[in-house]
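Following: one structure in structure tokens, then a few remarks.
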Amino acid sequence: MSYFGAWVDGNGNKYKAPYACAFALGIAGSLIYFLAILFPKGYWSVGVILMGRFVTGLGESGRTLAYSWVATAIPRNEQRTTLTIMSMTRTVGLMMGPLMNLPIAEANAEVLGIPIRPYNAPGLLVAALQVILFVATRFFLTDPPAKLEGAAKEKGGAQDKKGWQDIAKAAINFDLLLCTANMFVVMFSFTFYGTTIPPVASYVFSWTPVQISNVLALQAVVLFLGMVASMWLSMTSAPDVLLMIFGQSCFLIGGTMTYFSWTTDAHPLQFLIPIIVVSMAYPFIGPANRSKFTKGVHDQPELENSHGVMQSLFNQSFQIAGLISPTFTTTLILRGPGDAPESRYTQSLWFFVIPAASLSCIVGLVYEELVLRKEGEESIGELEEVPATETSPLMMAGKRVSKRRSSVVEIKQYFSCQNERDRRFSCEANIGVGGGILNPFETKDEVALRKKLLHDKKEWEELEKLDAAMEAAE
């Protein structure tokens, strides 16, 4: 992700070459997967498949280019509509995936001596679709205007105004760490389901890949409905913390149901209901948690010039979770046919790490809301009773940052291409391997913060014009 972003930032905001590289990696990875059938069964074929998925993943990291392209090529008042359309197309694609599996399920042909069977045909199909996208991007994508060099120079070295110790202290406050932990737990849990749905469905119900893809399509529909519901609740002034508690509660309830429902003698509904409950949880946590984190950074004066860095670190938390979860799941949680023949449960007791983590996040959110927030309000009240003097503490500046004018660097970083990429990517709901739904909606607090920063931006522009006019008069 960062490589493609740095490529665009360093080549004058040109997107065709990075996109070509991303599609080339995607095509190569799909073809490697397709050719795995030529290798001996066992370690060789599995190793080739894993290599194909690795190469495909390198190409998939280029999907963040779409977010930065929207951030720089589309007028800001039209970006939400554009991102909504992007989300709709992904949802439709995930729902249509099972239909594409119908002809593949009957594949039995041979091309240039290479067998085409149901298990390797998807690689050839995906490679062909990537070729079509590559051609369309090459001839129809329009590059946005080149960036100004001054912004990057001003961004570098801006953090020197604050001591790094102050920045580190602000970055590890409870509010920001809680948001990071929430994102880690959510992505860890969500990746768990992406890892376990195919093998459990195959083991318990003997479902084919087509039937399993129908489950993923259902999951995509539930996710999108959850996005619409969370957006409506947010715009009706539902607090971020309540949305997050509801989402984590869904993970807690759905996770507990998963352990007791996913048994070797389960009914298909016992398998599907926990997936629906958990899929409904993610949309309520993602945008609200991102909003809470953004406000938390904005409320720390020491971090006013570090918005981009903090958003990038925030993204790393869920990427690390996505890397750890599959290994943890397959090694400690998932049970195979011969692992515990006396047990009817498909998960080991290690599974309860997932609902326990969600419960810990709920406790942290309640503690912050009922204890820390109350203490903060009491400290503000005490400061208001003290007459202001030249030696009065500057605590009020940290408690009431909503009334201070944002710095020029903070504004530029917030509206930068990199920050927009990170913000959008932090709320992408991954479905299965390599696919995801972008959540285009912003919470009410995010909209209010954006309006405030736009207002401050206009004030700075007016001040710059006034300074220029005064210099010209002199």
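So that you can scan it fast, the table gives a plain yes or no per residue for (1) open to solvent by less than 40 Å² (accessible area, probe 1.4 Å); (2) within 17 Å of the chain's Cα centre (by Cα); (3) at pLDDT 80 or above:
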position: 149; (1), (2), (3): no, no, no
position: 158; (1), (2), (3): yes, no, no
position: 167; (1), (2), (3): yes, no, no
position: 178; (1), (2), (3): yes, yes, yes
position: 182; (1), (2), (3): yes, yes, yes
position: 192; (1), (2), (3): yes, yes, yes
position: 197; (1), (2), (3): yes, no, yes
position: 218; (1), (2), (3): no, no, yes
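Does the stretch 292-340 hold any residues that are among the charged types (D, E, K, R) and either at pLDDT 75 or above or farther than 23 Å from residue 452 by Cβ (or both), and which are they?
We begin by selecting, within the stretch 292-340, every residue among the charged types (D, E, K, R); these are 292, 295, 299, 302, 304, 335, 339.
Answer for the stretch 292-340, where residues must be among the charged types (D, E, K, R) and either at pLDDT 75 or above or farther than 23 Å from residue 452 by Cβ (or both): 292, 295, 299, 335, 339.
Just give me the residues in the stretch 119-130 being open to solvent by 50 Å² or more (accessible area, probe 1.4 Å) and not aliphatic (A, V, I, L, M), in sequence order.
The answer is 119, and nothing else.
Can residue 270 be described as open to solvent by 60 Å² or more (accessible area, probe 1.4 Å), of a type outside the set (A, V, I, L, M) and part of a helix (DSSP H, G or I)?
Against the criterion (open to solvent by 60 Å² or more (accessible area, probe 1.4 Å), of a type outside the set (A, V, I, L, M) and part of a helix (DSSP H, G or I)), residue 270 qualifies.
Yes or no: the stretch 70-92 includes at least one residue that is at pLDDT 85 or above and farther than 23 Å from residue 214 by Cβ.
Checking the stretch 70-92: not a single residue is at pLDDT 85 or above and farther than 23 Å from residue 214 by Cβ.
Name the single residue, out of those in the stretch 220-248 being at pLDDT 80 or above and within 26 Å of residue 201 (Cα to Cα), that is most open to solvent (accessible area, probe 1.4 Å).
225
Please list, ordered by first then second residue, the pairs with beta carbon atoms under 9 Å, 6 or more apart or interchain, first in the stretch 213-241 and of a type in the set (Asp, Glu), second not in a helix (DSSP H, G or I).
That search, which allows pairs on different chains as well, returns 240/443.
The values are calculated or read from the model by the stated rules, or taken from the named source; none is laboratory data. Treat the numbers as computed from the prediction; the structure is a model and nothing was measured. Heads up, the Cβs are rebuilt from the backbone with ideal geometry, glycines too, and the neighbour counts pull from every protein chain shown. These area figures cover heavy atoms from the full protein model, side chains too; ligands, DNA and RNA do not enter into them. Shrake-Rupley method; radii C 1.70, N 1.55, O 1.52, S 1.80 Å.
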